[in-house]
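Undergrad: Here's a structure for you.
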Amino acid sequence: MASRGPQAKSASPSRTTGGDRPDPRGRDFVDHISDAWRATLPAAEQPELALGRRAIRLSTILQERLTAHLTDWGLTLGDFNVLNVLRSTAPPYEMRPTDLKASLLLSSGGVTNILNRLEAAGLVEREKDGRDGRSSWVRLTKAGAKMAEDVVYSWSDTVNDVFRSVPPEAVQAASDAMRDVLIALGDLGPSPAASRAASGDDQARNTAKNRRAKGERDSGR
């Protein structure tokens, strides 16, 4: 197999402002990792790797803070995500489990386990779909909606504290840049979740359509 080294893009330089002068913005944890790889495998060290490392590094910092934060509320990260998604919908804050699964990129079993835990804690309730016995709806209880709001407000304060030393314009620029990257990678938002009212409208339209089709068949006999 041919070596990738000669075919790879030229290695990205260390962060400098020209010559050997260091970047006045300073160097982060990832810069030190990149320097180590640049010294041993320069052809493989590219800006894309640095971007990936920084995304992982920031995610790790936030995940650690969020996990510690949720411990005070007796919630897991999965619990928080389900409560958060449900509360972000219009009242009565309900979704189908399949839509929850799609929004959170969880398996059916993972969603079921979380819902069982939240239901036992009195934060959500499940109800069979009266129009489709194969489906069901998950809804926040009054206590669940209140907890979701309290946790989100509290987490917002914690995130503000994490980014307190970052200039607002840098926060906005980083967020916009990450959005551009994720869109380019095809990480688009999920399709709008079904609402019970919309499902009822669909059911009514399908029923009317079936009745018209039956009428046309009967008149053709």
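The values are calculated or read from the model by the stated rules, or taken from the named source; none is laboratory data. Quick caveat, the model's predicted, so the values are computed rather than measured. Reconstructed Cβ throughout: ideal geometry from the backbone, glycine too, with neighbour counts over all protein chains shown. All accessible areas refer to the heavy atoms of the entire protein, side chains included, with ligands and DNA or RNA removed. Shrake-Rupley method; radii C 1.70, N 1.55, O 1.52, S 1.80 Å.
Undergrad: So with the 1.4 Å probe, I'd like the accessible area per residue for region 82-170, rounded to whole Å².
TA: Numbers: 5120 Å² over 89 residues.
Ligands and nucleic acids excluded, the result is 58 Å² per residue.
Undergrad: Still on this structure, please answer the following. Please give the contour-minus-distance gain from VAL159 to ASP72: 0.36 nm per residue of separation, less the Cα-Cα distance, rounded to one decimal in nm.
TA: Gain on stretching VAL159 to ASP72: 29.7 nm.
Undergrad: Quick check on packing: order 96-103, 79-86 by the mean number of other C-beta atoms within 10 Å, highest mean leading.
TA: Working: 96-103: 18.2, 79-86: 21.4.
My ranking of the peptides, most packed first, is 79-86, 96-103.
Undergrad: List the equivalent ellipsoid semi-axes of region 90-144 in whole Å, largest first, each obtained as the square root of 5λ for an eigenvalue λ of the Cα gyration tensor. Present the calculation step by step, with values, prior to reporting the outcome.
TA: Values: eigenvalues 49, 46, 24 Å².
Equivalent ellipsoid of region 90-144: 16, 15, 11 Å, largest first.
Undergrad: Tabulate in residue order the Karplus-calculated ³J(HN,Hα) for region 61-72, using 6.51 cos²θ - 1.76 cosθ + 1.60 with θ = phi - 60°, rounded to whole Hz; enter x for Gly and Pro.
TA: These are the phi-based 3J(HN,Hα) values: 4, 5, 5, 5, 5, 5, 4, 5, 5, 6, 4, 5 Hz.
Undergrad: On a full-extension model of 0.36 nm per residue, what is the gain between VAL166 and LEU182, subtracting their alpha-carbon distance, rounded to one decimal in nm? The partial results should precede the final answer.
TA: Values: separation 16, 0.36 × 16 = 5.76 nm, distance 2.20 nm.
Full extension of this stretch gives 3.6 nm more.
Undergrad: With no solvent and one point on each alpha carbon, what is the Debye value of log10 I(q)/I(0) for region 38-126 at q = 0.11, 0.16, 0.17, 0.24 Å⁻¹?
TA: Those come out to -0.46, -0.74, -0.80, -1.21, one per q.
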